[in-house]
């Protein structure tokens, strides 16, 4: 049987993490391994994890916060090096329905039986209010008679996609071996877009309609510096601008790159007109950084020390820690990402 490892990335959201893990451990198709990547939380996440009663939960505490990009990079890398045949990746605010993983696996088997290549499988994500969120972009490749091929698998509730997010994504070992890891230097916002565009160059991913997850905190819509009110998050919009321009330059035609840059220039002008000088400077910084931004893709077998961190690892149901921290290399320390705490509330069932 293929080994499926679930990987959950977390930072300072221990209550959400607990709910996510409850859902992961309640799957009708049990995971063969569950890994938590703690991105240097400061809210008692490690202590909470040590007190949980989940069998063989493997926890890796990073010495400092290397952003979502670095955390996903570490998670895919560690699961692959543990021998996972598939990595089921998600953030701590993703609550899978009980059969989410089973439906992904069934779709993968169906595609294999029909000799259809796939880069990944993706769950369908909903907000707490039942709205679709994290929608991927359709794969528009054509068949040999020059028609778009995306309706081919619709009868099975599956559709081919390209750009997607890491909200319940099932990535085969072969994809990781062929295309490497997410780009840790992107830090936050856009690493999933870059990665899914990269790994679907030859074959699409597939969204699976009956594999459902609840993605919390999504009712505010897409990322926008115009609407940003959280001062702790504001400075990270420069990463968003830089990463968006980088992706346009790398994966799209020149016209798309020109339009992307033009949009950022218009945004700067709009913010200046609104007297939002700090926000305008952040967008300008991101635009400047994008011209020189060209990170290197890491292979999945490379050591995690490449990320410039040490890792403290343990199993929650064993008194002794796993082997000692991985040596760090001499690279600049990453900036921490801070997020608003989520208020305690009872979450109603999302998939009645």
Distances longer than 27 Å among the Cα atoms of region 149-292: what percent of all pairs is that?
33
Candidates 158, 188, 265; GNM for the chain (alpha-carbon contacts under 10 Å) flags as most fluctuating 265
Residue order, fewest to most beta carbons within 10 Å, for 252, 147, 195
147, 252, 195
Between the alpha-carbon centers of region 96-153 and region 234-254, tell me the distance in whole angstrom.
26
Percent relative contact order for the chain, counting Cα pairs under 8 Å at least six residues apart, stands at 23
Highest mean packing first, using Cβ neighbours within 10 angstrom, the peptides 286-296, 52-62 sort as 52-62, 286-296
At 7 Å along the Cα-to-beta-carbon direction for both residue 229 and residue 132, put a label point, then send me their distance in nm to one decimal.
2.8
Given that compact globular proteins tend to follow 2.2 N^0.38 Å, what is the ratio of the alpha-carbon Rg of region 165-243 to that value?
1.29
If you take the Cα atoms of region 1-147, find Rg, then find the Kirkwood Rh from the mean of 1/r over all pairs, what is Rg/Rh?
1.00
Would you kindly calculate the translational diffusion coefficient of region 223-290, applying Stokes-Einstein with the Kirkwood radius from alpha carbon pairs, for 37 °C and a viscosity of 0.692 mPa s, and quote it in µm² s⁻¹ without decimals?
273
GNM on the chain, Cα springs under 10 Å; top mean-square fluctuation among 164, 119, 30 goes to 30
Taking every DSSP bridge whose two residues both lie in the chain, the antiparallel percent to the nearest 5 is 50
In whole angstrom, how long is each semi-axis of the equivalent ellipsoid of region 123-221, when you take the square root of 5 times every eigenvalue of its Cα gyration tensor and sort them from largest down?
22, 20, 12
Mean separation of Cα pairs under 8 Å and 6+ residues apart, divided by the residue count of region 223-290: what relative contact order is that in percent?
44
Which entry in [x] 123; [y] 254; [z] 147 is this structure's computed volume of the Cα convex hull per residue in Å³?
[z]
Can you tell me which of 73, 134, 306 moves the most in a GNM of the chain? Springs connect C-alpha atoms under 10 Å apart.
306
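Throughout, read-outs are computed from the coordinates displayed, never taken from laboratory work. Keep in mind that what you see is a predicted model, and the values were worked out from it rather than measured. Don't worry about glycine lacking a Cβ; one is built from the backbone with ideal geometry, like all the others, and counts go over all protein chains shown.
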